[in-house]
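S.K.: The structure's right below; bear with me while I get my questions together.
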Number of protein chains: 2
Amino acid sequence: MSRPTKQSPERGNARIRLLEAARDIIREKGFAATTIEDLCKAADVTKGAFFHHFGSKEALGVAAAEFWGETTSAYFAAAPYHGPSEPLARVLAYVAFRKAIIAGELQEFTCLVGTMAQEVFVSSPDIRDACGRSMFGHTATLEADIEMARRKRGITTTGWTAESLARHTQAVLQGGFILAKAANDPALARESLDHLERYIRYLFNVTEDD
Amino acid sequence: MSRPTKQSPERGNARIRLLEAARDIIREKGFAATTIEDLCKAADVTKGAFFHHFGSKEALGVAAAEFWGETTSAYFAAAPYHGPSEPLARVLAYVAFRKAIIAGELQEFTCLVGTMAQEVFVSSPDIRDACGRSMFGHTATLEADIEMARRKRGITTTGWTAESLARHTQAVLQGGFILAKAANDPALARESLDHLERYIRYLFNVTEDD
DNA sequence: GAAAACATACCATACGGTCGGTATGAGTCA
DNA sequence: TGACTCATACCGACCGTATGGTATGTTTTC
């Protein structure tokens, strides 16, 4: 895959650098407004390299969504919220973690696949589906903890499942990002996560000293 | 403003028709991917008419956000969820109404200003702010009912306000739209509204027979 | 020496925007 | 009442550039 040169040791990383550039620039400008030259300039490669690695702009979009799924799942797998032995504590730690990483510029913490899915859900089913796989692949990891917590605490759910609550968590995140963008204020994304945390505590009958 | 001709009675409506086209096409393709010619074709006008009414594509974006704010506020003002005399019932009816109108094609019920804000929050502060005004102007109408319900039921809130809950409601909607797009399934947007309804009932201590 | 990994020059078209012109109707005044 | 003026609404050809994509050549590694 990667084949560095003695003269230019970064050679062979063009694909990765393009994907990283796509991750950063598409989150800032959106998919349609991002040009291939934007990506080449940011990745410091030429158009030839781009079309050597990706057959089209749409193919890059699919690859960027998959890259996002791979890198974020590694990132979240290594995150500290998995520490607690109690599954419910892990769920709440997840929400707290998501809240904690909402900082800095909006385009640095918002979700690439949410942004792309919003834009291309009609025009490019391939990108849309890749975004869906990335997004729901992530919710599945949270769903496992929710289900364990539900069973361990003997919660009999009427009207909701671990799967739906995991998706709802994702929806609150995505929606928070949109409000934050519309108001140009990351605090609005954190605010909705506070409501989500309160909701989860309610669902699991968490008492003050629990 | 509008000055119809005997031969062409629709004359004078070009601006409205362009705004309606913008509403429909931008929701489907996004702002950047929507071309001025797309809009002219859909509105059945020429480029000359477009640039007579809007100085630039960005100006159209601002006008489209404002048009969205005006039309949706009229739509929601006339909606049936204002019927109940009990303010909390109106809040719950609002959520139920939002859930009920999630039907048909995704681009028919999703939010224009949420879509646009997502795309242009960096590249066009003017459009972004117009989207924010539309979005938060709408949440303000819900906030009034929430605040009335809070007082009437003697709810002492710790950690949340009527304003934040109104915004959270909007976040759940916007996030639900994104999940629905990513999964190509409107049911996911409705699912999150069910969680939201359950959360609101909890916040207001709604009993079974309340 | 084969194949991958680039680089460079080039192309057709699409796109945002401009510009001069035309059509229509409202107001004015002799 | 009708000629005149003026502003608005709209038309459609044109322009410069940006953009996605291609074709071909060169370097590097195995």
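The values are calculated or read from the model by the stated rules, or taken from the named source; none is laboratory data. Note that this is a predicted model, so its numbers are computed, not measured. Glycine also receives a Cβ, built like all others from the backbone with ideal geometry; neighbour counts cover every protein chain displayed. What goes into the accessible areas is simple: the full protein's heavy atoms, side chains included, and nothing from ligands, DNA or RNA. Shrake-Rupley method; radii C 1.70, N 1.55, O 1.52, S 1.80 Å.
S.K.: With unit charges on the beta carbons (Lys and Arg positive, Asp and Glu negative) and the dipole taken about the Cα centre of the protein assembly as shown, which residue among B:ALA96, A:ILE102, B:ALA149 sits farthest to the positive side?
M.R.: A:ILE102
S.K.: Taking a label point 7 Å out from Cα toward Cβ, give me the nm distances from A:ASP38 to the same spot in the other copies, shortest first, one decimal.
M.R.: 1.5
S.K.: A further question on this structure: Report the equivalent ellipsoid semi-axes for region A:50-98 in whole Å, largest first, defined as the square roots of five times the eigenvalues of the gyration tensor built from alpha carbon atoms.
M.R.: Numbers: eigenvalues 245, 15, 8 Å².
Calculated on Cα positions only, the semi-axes equal 35, 9, 6 Å.
S.K.: On the protein heavy atoms, probe 1.4 angstrom, tell me the percent of accessible surface of region B:58-203 carried by carbon and sulfur.
M.R.: 52 percent
S.K.: To check my understanding: the extent here is largest minus smallest coordinate of the Cα atoms along each principal axis. What are those three numbers for the protein assembly as shown, in Å, largest first?
M.R.: The principal-axis extents, from largest down, are 76, 60, 32 Å.
S.K.: Something else now. B:ALA59 label points, 7 Å along Cα→Cβ, one per copy: pairwise distances from this copy to the rest in nm, shortest first?
M.R.: Ordered by increasing distance: 4.2 nm.
S.K.: Which ³J(HN,Hα) values, rounded to whole Hz and listed in residue order, are derived for region A:95-104 from phi using the Karplus coefficients 6.51, -1.76 and 1.60 in 6.51 cos²θ - 1.76 cosθ + 1.60 with θ = phi - 60°, glycine and proline given as x?
M.R.: 4, 4, 5, 4, 5, 5, 8, 8, 7, x
S.K.: Filter the cross-link list A:LYS57/B:LYS41; A:LYS181/B:LYS47; A:LYS57/B:LYS29; A:LYS181/B:LYS41 down to pairs whose alpha-carbon distance in this structure exceeds 20 Å.
M.R.: Cα-Cα > 20 Å for A:LYS57/B:LYS41; A:LYS181/B:LYS47; A:LYS181/B:LYS41; rest within.
S.K.: Summing -39500 (n - 2.57) over the DSSP H runs of n ≥ 4 in chain B and dividing by its residue number, what mean residue ellipticity at 222 nm do you reach, to the nearest 500 deg cm²/dmol? It would help to have the intermediate numbers written out before the result.
M.R.: Values: 10 runs with 146 residues, N = 210.
Result for chain B, helices only: -22500 deg cm²/dmol.
S.K.: I need the calculated FRET efficiency for the pair A:THR141 and A:ILE36, taking r as the beta carbon distance and R₀ as 35 Å, to the nearest 0.05.
M.R.: The pair A:THR141/A:ILE36 has a calculated efficiency of 0.60.
S.K.: What fraction, in whole percent, of alpha-carbon pairs in region B:59-182 exceed 22 Å separation? Could you put the intermediate results ahead of the total?
M.R.: Details: 2976 of 7626 pairs.
Summing the P(r) tail past 22 Å for region B:59-182 gives 39 percent.
S.K.: Per 0.36 nm of contour for each residue apart, how much would the distance between B:THR157 and B:THR46 grow if the chain were fully extended, relative to their Cα-Cα spacing?
M.R.: Residue separation times 0.36 nm, minus the Cα-Cα distance, leaves 34.4 nm.
S.K.: With viscosity set to 0.692 mPa s and temperature to 37 °C, compute the Stokes-Einstein D of region A:38-122, Rh being the Kirkwood radius across alpha carbon pairs; µm²/s, no decimals.
M.R.: 212 µm²/s
S.K.: Separate question: What is the spin-label model distance, in nm, from B:ARG190 to A:SER123 if the labels are put 7 Å beyond Cα along the C-beta direction?
M.R.: Distance between the two pseudo-spin positions: 3.0 nm.
S.K.: A further question follows. From the convex hull of the Cα coordinates of chain A, what is the mean projected area in square nanometres?
M.R.: 13.8 nm²
S.K.: Still on this model: Would you mind getting the accessible area per residue of chain B, heavy atoms of the protein chains only, 1.4 Å probe, in Å²?
M.R.: With all protein chains present, chain B gives 45 Å² per residue.
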